[in-house]
Amino acid sequence: MSHYKIGLEYAQQQDENDPLATFRDRFHIPKDKEGTDLIYMTGNSLGLQPKATKAYIHQELEDWANLGVEGHTEAKNPWLHYHELLTESMSNVVGAKPIEVIVMNTLTVNLHLMMVSFYKPTPKRYKILIEADAFPSDKYAVESQLRYHGFDEKEGVVLWKARKGEELANYEDLETILETQGDEIALVMIGGVNYYTGQFFDLKRITQLGHQHGCVVGFDCAHGAGNVALNLHDSGADFAVWCTYKYLNSGPGSLGGCFIHERHAHNKNLNRFTGWWSHNKETRFKMRDEFDQLAGAEGWQLSNPPILSMAAIRASLDMFAEVGMDKLTKKSKQLTGYFEFLIEEMNNANIKIMTPSNPEERGCQLSIQVKNADKKLHHQLTEAGVISDWREPDVIRCAPVPLYNSFQDVYYLVEKLKEILK
Ligand SMILES: Cc1ncc(COP(=O)(O)O)c(C=O)c1O
Ligand SMILES: Nc1ccccc1C(=O)C[C@H](N)C(=O)O
């Protein structure tokens, strides 16, 4: 029996009792023409702006204005070491050790850099396994790596597909693929939380399976970072990459994150593309030294990083440090569980939730399939003040984000959906 209840009063009560409710006020919530808050359900695409972000960026603009180049060492937060201010809180968000984590570049760039180090194809073992509904950028990236190494991308990509008539990938099928083709697969690269179905994969299980068959295992955690407890270190994954503009609320196109497991982070013999920011920090500015590889994930950096973008990430991570992933995921399970309950209460035969019903196998997103619907439904929802996301042919993705979405947001979202489908 579910402990959730229907009706507005219940949603109001849940918001009153929510220990994280006050965080909503610390975000800019987009509004309609009348100034009413929109129901924002697309934190899985672009997270909202923390009100504090402006001050964090302003600090760096001021220091740049007043100090010019001296800001590298004299700014309130000296730019030469700025990225270090992000490492510990980012490590906590993704469940890793600080030595394993670096904020740098953008997501697809980091994925390529990780494949430079970890995709080492041989004539016999060169294939890359991805999930069938991988985000297009990930698919294009692995295909181009295959081509770069002189392999045929059609033959080289192995897809982990859902069974006929099902939407979710099944671990038994992964086992079968690895048992039959494991010795040809160099790399298993899976989206930690699938962007389309919202399925949160068991990273540890996949890593163990891949390793048993001699494959390297990496994850794209774009939809996981700041959304679910990734426990990257314990998963044993070789590497992971993610972005910070979704659940980590750091602004469009902001920098990405990268995890390299401790057992590799000091390995100076791995292939890498390097730049002056991969070089020993102590001697970097002597300029004439022979290259001296910096240890840890920091050693994968190439360039001096964009401070303004890092300032936005710091504003967000300071909030994550204040809340902690435990409290956040606890509320998230409540909120998304409530969302699922209300959808099921609609009792509409045309509606099916694709996302796993087990709270351990999903984050906050629910992907809702609406049979016989088309993009008009999405337009109607938008007209009704709901910002959601439409994926062809018939899926609405909604992600109630525990930091700023309320139980009432979810209540009104479902009320509007009912109204439209009537
Ligand atoms: C799973 C996944 N991979 C890749 C991307 C693309 O990332 P970027 O444009 O930051 O490289 C996204 C989001 O846009 C994503 O969700
Ligand atoms: N970065 C973007 C820029 C423009 C439009 C969308 C995005 C997204 O991030 C989409 C996201 N990956 C998603 O799963 O919807």
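Just a few scattered comments:
- The modelled label-to-label distance for the pair Asn280/Asn92, using points 7 Å beyond Cα in the direction of Cβ, is 3.3 nm.
- Low-density loop positions, GluC sites (Glu not before Pro), region 158-251 - DSSP coil, at most 11 other Cβ in 10 Å: Glu166
- In this structure, the pairs whose alpha-carbon distance is over 26 Å, taken from Lys54/Lys333; Lys161/Lys268; Lys246/Lys331; Lys204/Lys330; Lys51/Lys76, are Lys54/Lys333; Lys161/Lys268.
- Here's the picture: a label point sits 7 Å out from the Cα of Asp202 along the beta-carbon direction, and within region 226-266 the residues with their amide nitrogen under 17 Å of it are 229-232, 234-237.
- Projected-area average for region 20-86 over all orientations - Cα convex hull basis, square nanometres: 6.8 nm²
- Within the chain: Cβ-based charge dipole about Cα centre, in debye rounded to nearest 20 (Lys, Arg +1; Asp, Glu -1): 400 debye
- Span from the region 60-99 Cα centroid across to the region 128-147 one, whole angstrom: 33 Å
- Take the Cβ atoms of Thr122 and Ala321, set R0 to 56 Å, and the FRET efficiency comes out at 0.80.
- Cα→Cβ-extended label distance, 7 Å offset, between Phe273 and Ala65, nm: 3.6 nm
- Whichever lysines have a C-alpha closer than 24 Å to that of Lys422, once near sequence neighbours (fewer than 8 apart) are set aside: Lys5, Lys352, Lys371, Lys375, Lys376
- Kirkwood Rh in Å, taken over all unlike Cα pairs in region 86-167: 14.7 Å
- Rounded to the nearest whole Hz, the Karplus-based 3J(HN,Hα) values (6.51 cos²θ - 1.76 cosθ + 1.60, θ = phi - 60°) of region 80-88 follow the sequence 4, 10, 4, 4, 5, 5, 9, 5, 5, with x at glycine and proline.
- Rh by Kirkwood over Cα pairs, then Stokes-Einstein D for region 82-321 at 0.692 mPa s and 37 °C, µm²/s: 181 µm²/s
- Only helices enter this figure: runs of n ≥ 4 DSSP H residues, each worth -39500 (n - 2.57), summed and divided by the residues of the chain, yield -11500 deg cm²/dmol at 222 nm to the nearest 500.
- In Hz, Karplus ³J(HN,Hα) per residue of region 103-120 (6.51, -1.76, 1.60; θ = phi - 60°; x = Gly, Pro): 9, 6, 6, 10, 4, 5, 4, 5, 4, 5, 4, 5, 6, 4, 7, 10, 9, 10
- Counting only Cβ charges, +1 for Lys and Arg and -1 for Asp and Glu, the dipole size of region 82-321 around its Cα centre is about 500 debye.
- Fully extending the segment from His58 to Met346 would add 99.0 nm, taking 0.36 nm per residue of separation and subtracting the current Cα-Cα distance.
- Distance from region 282-319 to region 207-268 (C-alpha centre basis), Å: 18 Å
- Residues within the reach of a label modelled at His266 (point 7 angstrom out along Cα to beta-carbon, backbone nitrogen below 18 Å), restricted to region 59-99, are 97-99.
- Where chymotrypsin sites (Phe, Trp or Tyr not before Pro) in DSSP loops with at most 13 other Cβ within 10 Å are excluded, longest remaining stretch of the chain: 1-272
- Förster radius 25 Å - calculated FRET efficiency between Leu421 and Leu46 (Cβ-Cβ, nearest 0.05): 0.40
- Using alpha carbons only, the radius of gyration of the chain set against its Kirkwood radius gives Rg/Rh = 0.99.
- Separation of the Glu155 and Ala295 label points, Cα + 7 Å toward Cβ, nm: 4.4 nm
Each value in this text was obtained by applying a stated rule to the coordinates, not by laboratory testing. This structure is a prediction, so every number in the text was calculated from the model and none was measured. Reconstructed Cβ throughout: ideal geometry from the backbone, glycine too, with neighbour counts over all protein chains shown.
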